[in-house]
Amino acid sequence: MLKSRFLAAISPIVFAYALQSHANETALPEVAQSESLPINEQEAGGIVIDGDKLELHLDRKMRAIGNAAIHQGDQSAYGDVIEYNVQNDELHVTGNARIEVGNAKISGPELRMRLSESIGEMRDASIIMQKQPSASNQLDNTTSTSQVDSKQNQYIENQSRASAFLDDSTGTNNFSGNQLSSRPSTVRGNAEAIYFDGEDRKRMVDARYTTCPAGTDDWYIKASEITLNDYTSSGSAKNAYIEFKGVPLIYTPWIDFSFNNQRKSGLLAPTIGSTSRSGFEVLTPFYWNIAPNMDATLAVRALSKRGVQLQGEFRYLEENFSGTNSVEYLPTDSLSNETRYFANLKHQHQVGNGWSAGYSFEKVSDNEYFSELSTRIVTTSRINLPQQFNVDYADDTWRFNAIAQKFQTLDNLSYPYERLPQMTLVGDKYYGDVNLNLYSQLVAFDNNQDSSTRPTGTRVTVYPSVTVPFTQSYGYITPKFGIHHTSYNLDNLTANQDSQQRTLPIFSLDSGLYFDRDFHIANRAYSQTIEPRLFYVYIPDRNQSKIPVFDSSLTDTNFSTLFMENQFTGNDRINDANQLSFALTTRFIESSSGTERLSASIGQRYYFSDQEVALDYNNLSSFRRSNSSDVIAGITGQLKNSWRIDTFWQYNTDDSSAVRTTMTGRYNPEPGKTLNLSYSYRKDLLDQFNISSQWPLSKGWYGIGRVNYSLREKSIIETLAGLEYDAGCWQARGVVQRVSTATADANYAFFFQLELGGLASIGANPLSVIKRNIPGYVSSSFIPDNPQQSYYE
């Protein structure tokens, strides 16, 4: 049966209809019959009513019977019978009532509503909402879409701008305003009654709320009242508890959450964990979304062995400045009976006209703070905390940097010099084919150790140079000449040598050629390149034995340092050089995709004179006496998209022994399947083997693990083992970790997290720990071919 249609324009009020004729159906006396109605249905404020049978009473009330529907703007209501009172703007839907507003569909036996004000109610109702991508993903799609009004665009734009900066917390704090992963999904729920409290707002009484698909009731948020706000994509619940597999887990008198994983003020789900040094712990954070570009998190962390710790983090982003401030405070440690704290303050400011400034300040109360109160190896391995202020300037020619830098040293061994201050000015300018360069620096080195035996003083370095590059498509040759001058004004020297000067001419010649050819393997086209490179350096010898070593060290031999003028870092040592470096590189490139399938390089440096400059003149073994350096070689291959290997060797030809070996391989055929193997060897220092993996075990189950073993010490440095399960609308992860720390014995930690459909997370978040330990790891929430993905399609 064909439908009839009414269209009502609210101002002025005009009624008309189009009644499609069919057998045994007569026209109503109140209206005229017509085959079609040429009236614009998108007229502002227009209301359209459809139904198998339409009635109009005294120009005041319209009724649609059978497959009835009414539409106004982005609101549509459906039912068996629809009555609409035009004068009172009252809508009454009975029988299989359903209303669609935005991305929400609400159904029940009966609906009453004032349509223009979106105020009404539905009893025994159920709701289905399609979750949208996060704000940062929406921005590109919505800012140019006319259907999205300006206030929503502004909200999304602000949220996206903030999320780009405030997406992840830093420092040692274990909380963040946005911790959960998400995938597109459907949110559903039911309630004794749903009240429509105006545009974008709904209130559910005696309600349940979940992201699980229909027929799967694994978990619910149950509450006496749930309020949903479509404009902010957020909700709140009163007298709420989370029920998982029929078991109540957490109760709260009030909870705030986001539909689409956007930042929202409110209590975050507590995190629960355990470590061997601090015992069982519970972290309860409160997140404050101060502004789209500013947020703060306050937390209470209860440690069973140590007491209650307070944590706070404040982050901000403005057009010209940004910063992060984190503080942790433990008033009284039950084990040490001491007050313990950590502060991490960072700020950067764009002053204008190329100038910027900032500071970075870190301090802890004691040397064992990280090893006893943190579970991250990145943190527990730290032994020097910087405290510095910087000023920078940059334009097309000049770059200036000034810093004042001190350190807090935690191991009582590694005491770097303080720079109070250090100022560096670099200039680079082309005049035709001639490049002029200036490097200059002034540093005042002070002692960071309670000792007066270490020398201190001021160092001034000036290094002007000129380069004339000659470049062609088949190669290049670049001569360079400069004068390196360094002057010292020293203190605390036993020989009372309070000043030193050193001036050295430096000449280098860099050159290279490019050869290539095309060939085919198994009907695939490839291009092979051969790239030889020669680099000659001449620097005369100057005795530098009376110059202290403030910031210099010997660089590793690799394909970068092979073509450096000075093999020492810093400016306290300038090597004598009459040497030639050679390297040969070949690449195999797939012509169709441009993918570099294989790259192999080999290189060595040849010396025409003995070494006369060393870091320690009293250590004869530090002087080289051979006429060539170690041979270095490397291979990088990606013969298949799922396999990648990287290798590096350093071989001493004098004693026919390996100096350094690094081999890494990764097998990654698809997301969720990754296997990493690596071996690292450094003569008399390091001999380690590492294996890590993420692999599916069965439907929804993934195993994750890592072992880092030292063959030299015959002991395990770090281990991680865990399981991850993805049920579609919820994920669970459990991880056990053992970490050897730099300042204390090994620390054990246990992480368990239950993630409920992007709405709530219970437990300690192990994702950062897993990602650091397992390169290529992908959370099950983001695996496209996950067995549970069909729930969200």
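Could you give the size of the charge dipole of region 402-512 about its Cα centre, using +1 on the Cβ of each K and R and -1 on the Cβ of each D and E, expressed in debye and rounded to the nearest 20?
Computed about the Cα centre, the dipole is about 180 debye.
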- prompt: Roughly how many whole Å is it from the C-alpha centroid of region 566-600 to that of region 356-429?
  reply: 30
query: Round to a whole number: what % of the accessible area of region 387-448 belongs to carbon and sulfur, probe 1.4 Å?
result: 56
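Could you give the size of the charge dipole of region 44-101 about its Cα centre, using +1 on the Cβ of each K and R and -1 on the Cβ of each D and E, expressed in debye and rounded to the nearest 20?
The calculated dipole for region 44-101 is roughly 100 debye.
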query: Mind ordering 719-727, 585-593, 672-680 by average Cβ neighbours within 10 Å, highest first?
result: 719-727, 672-680, 585-593
statement: For region 302-362, the per residue accessible area (1.4 Å probe, Å²) is 50
- request: For Lys61, list the aspartates and glutamates whose Cα falls under 15 Å from its own Cα; do not include residues on the same chain fewer than 8 positions away.
  value: Glu30, Asp50, Glu83, Asp89, Glu90
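Hey, what's region 235-294 come to in accessible area per residue, 1.4 Å probe, Å²?
Per residue, region 235-294 has 43 Å² of solvent-accessible surface.
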task: For region 610-702, calculate the relative contact order in percent as a whole number, restricting contacts to Cα pairs under 8 Å that are 6 or more residues apart.
output: 16
- prompt: What order do you get for 218-230, 498-510, 285-297 when each peptide is scored by the mean count of other beta carbon atoms within 10 Å, highest first?
  reply: 218-230, 285-297, 498-510
- prompt: Ranked from highest to lowest mean number of other Cβ atoms within 10 Å per residue, what is the order of the peptides 747-753, 655-661?
  reply: 747-753, 655-661
Accessible solvent surface per residue of region 589-661, calculated while the other protein chains remain in place, 1.4 angstrom probe, Å²: 56
message: Considering only protein heavy atoms and a probe of 1.4 Å, how much of the accessible area of region 50-136 is carbon and sulfur, as a whole percent?
response: 43
- prompt: Within the accessible area of region 643-779, what % is carbon and sulfur when the probe is 1.4 Å and the other protein chains stay in place?
  reply: 60
field: Cβ-based net charge around Ile119, under 13 Å, with every Lys or Arg adding one and every Asp or Glu removing one
entry: -2
- line: The lysines whose Cα lies under 17 Å from the Cα of Lys640, excluding any fewer than 8 residues away in the same chain, are Lys673
task: Please name whichever of Phe582, Ser609, Thr569 sits farthest to the positive end of the charge dipole of region 496-643, dipole taken about the Cα centre and charges placed at Cβ: Lys and Arg +1, Asp and Glu -1.
output: Phe582
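The values are calculated or read from the model by the stated rules, or taken from the named source; none is laboratory data. In this text, all values refer to a predicted model and were calculated from it rather than measured experimentally. Please note: Cβ atoms are built from the backbone with ideal geometry, for glycine as well, and neighbour counts cover all protein chains shown. To get the accessible areas, we keep the full protein, side chains included, count just its heavy atoms, and leave off ligands, DNA and RNA. Shrake-Rupley method; radii C 1.70, N 1.55, O 1.52, S 1.80 Å.
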